[in-house]
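Peer 1: Take a look at this one; I'll ask things after.
All of the numbers you see were taken from the coordinates with simple rules; none came from a lab. Here the structure is a predicted model, which is why all the values come from computation and not from measurement. Cβ placement follows ideal geometry from the backbone for every residue including glycine, while neighbour counts extend to all protein chains displayed.
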Amino acid sequence: MSQNPSLKSKHIVVVGASSGLGKALAEQLSKEGTALYLLSRSIESSDLEFEANKINCDVTDSESISNAFKKIDRLTSQIDVLVNCAGIGLVKGLEATTQEDIERIIATNLTGTLYTSQEGYKRMLEKKSGHIINVSSTSGLRARPDETIYCASKWGLRGFTESLRLAATPNKIRVTGIYPGGMQTNFWKGSEPKNLDAFMTPSDIAEQIVNVIKTPTSISPAEVVIERGL
Ligand SMILES: NC(=O)c1ccc[n+]([C@@H]2O[C@H](COP(=O)([O-])OP(=O)(O)OC[C@H]3O[C@@H](n4cnc5c(N)ncnc54)[C@H](OP(=O)(O)O)[C@@H]3O)[C@@H](O)[C@H]2O)c1
């Protein structure tokens with residue numbers, strides 16, 4: 001069995017690391033001694049209490065993504081893990097949803113993740129090793145009447161993630177979809193659910209992603225669904 005116990009010598013890219021789940025994950029990985037490459041629109045001006053390479057990147061802009069990965073190339077020739085965490089929510093009836101809303105949600109949650117995955121995958125293919133982890137949502141598994149567009153973006157991401165997993169496996173690259181339920185993050189700003197206090201914390205979910213990264217390379221966790229406990 002191939003072991004993958006230490007993250008100390010790993011180079012990990014986290015997209016969407018300036019707040020919420022991505023930031024909590026980066027904090028935990030920094031404690032493991034991982035070399036971090038953190039991307040988001042505002043990451044370079046964000047206060048992080050740990051060492052990391054911070055690269056501003058807007059995933060709705062393919063040129064910004066391509067430039068961010070070129071900057072990563074100048075820092076390392078090895079991406080061991082890519083975690084796609086950038087995402088935004090929309091709780092709105094379809095009848096009130098604007099074309100701009102639709103374009104923004106799909107560009108951020110779906111198209112953006114396709115492009116960052118493609119950048120990471122091409123580099124991992126050269127090494128025949130790596131792990132791509134895409135953060136979807138339980139809204140990527142279940143229908144929700146007030147989240148038609150958000151669900152469309154996250155269901156689309158599931159189809160992509162599972163298809164990429166099949167393509168990647170023969171090349172010794174692992175692909176995992178993470179499906180968390182509600183978390184207490186900025187994601188809910190402006191549409192806060194009444195029971196937000198009962199939602200999971202981003203660090204709880206981050207811990208599960210660290211566990212997935214640490215699994216032996218001889219297994220491939222395909223989908224991890226994380227529901228709220230008691
Ligand atoms: N919170 C929940 O209840 C929940 C539940 C299930 C799944 N999720 C998913 O979990 C992921 C993380 O969300 P979160 O809850 O941690 O929310 P969050 O605190 O709002 O974090 C979202 C992250 O995405 C980044 N981001 C947003 N738009 C971006 C863009 N155009 N380009 C680059 N980065 C961008 C943000 O950074 P900048 O603003 O600096 O760009 C931020 O770092 C998302 O994919 C979300 O769909 C959330």
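Peer 1: If you take every residue apart from residue 175 with its C-beta less than 9 Å away from the C-beta of residue 175, what net charge results, scoring Lys and Arg +1 and Asp and Glu -1?
Peer 2: Around residue 175, the charge tally is +1.
Peer 1: Give me the net charge for the shell around residue 129: Cβ to Cβ below 12 angstrom, other residues only, Lys and Arg +1, Asp and Glu -1.
Peer 2: Charge balance in the 12 Å sphere: +4.
Peer 1: Show me, for the stretch 122-129, the HN-Hα J-couplings you get by feeding each phi into the Karplus relation (A = 6.51, B = -1.76, C = 1.60, θ = phi - 60°), rounded to Hz, glycine and proline as x.
Peer 2: Going residue by residue, I get 4, 5, 5, 4, 4, 9, 6, 6 Hz, with x marking Gly and Pro.
Peer 1: List the lysines whose alpha-carbon lies under 27 Å from that of residue 194, not counting same-chain residues fewer than 8 positions away?
Peer 2: The reachable lysines, counting only those whose Cα sits under 27 Å from residue 194, are 23, 92, 154.
Peer 1: Something else about it: Packing-wise, with mean Cβ within 10 Å as the measure, how do 67-78, 134-145 rank, highest first?
Peer 2: My ranking of the peptides, most packed first, is 134-145, 67-78.
Peer 1: Using the charge dipole of the chain (Lys, Arg: +1 at Cβ; Asp, Glu: -1 at Cβ; taken about the Cα centre), state which of 150, 219, 206 has its Cα farthest towards the positive end.
Peer 2: Final value for the positive-end residue is 219.
Peer 1: A follow-up question, please. Using the 2.2 N^0.38 Å rule of thumb for compact globular proteins, work out how the stretch 1-87 stacks up: its C-alpha Rg over that value, please.
Peer 2: 1.05
Peer 1: Within 10 Å of each candidate Cβ there may be at most 11 other Cβ atoms; applying that plus a DSSP loop requirement, which GluC sites (Glu not before Pro) in the stretch 44-104 survive?
Peer 2: 49, 51
Peer 1: Could you please state, rounded to a whole Å, how far the C-alpha centre of the stretch 51-70 is from the C-alpha centre of the stretch 11-26?
Peer 2: So the two Cα centres are separated by 13 Å.
Peer 1: What does the net charge come to around residue 72 if you take all other residues with beta carbon closer than 13 Å to its beta carbon, with K and R at +1 and D and E at -1?
Peer 2: That sum, taken over residues with Cβ under 13 Å, equals +3.
Peer 1: Rounded to two decimals, what is the ratio between the C-alpha radius of gyration of the stretch 80-159 and 2.2 N^0.38 Å?
Peer 2: Compared with the compact-globule rule of thumb, the stretch 80-159 sits at 1.21.
Peer 1: Let me ask you something else. Could you tell me how many cubic angstrom of Cα convex hull volume the stretch 11-224 has per residue?
Peer 2: Roughly 118 Å³ of hull volume per residue.
Peer 1: If you don't mind, there's one more thing I want to ask. Tell me which residues come under 5 Å, amide H to amide H, from residue 133 once H is placed; ignore anything under 5 positions away on its chain.
Peer 2: Correct list: 82, 83, 84, 176.
Peer 1: Let me ask you something else. In whole angstrom, how far apart do the alpha carbon centroids of the stretch 71-96 and the stretch 208-229 sit?
Peer 2: Answer, in whole Å: 18.
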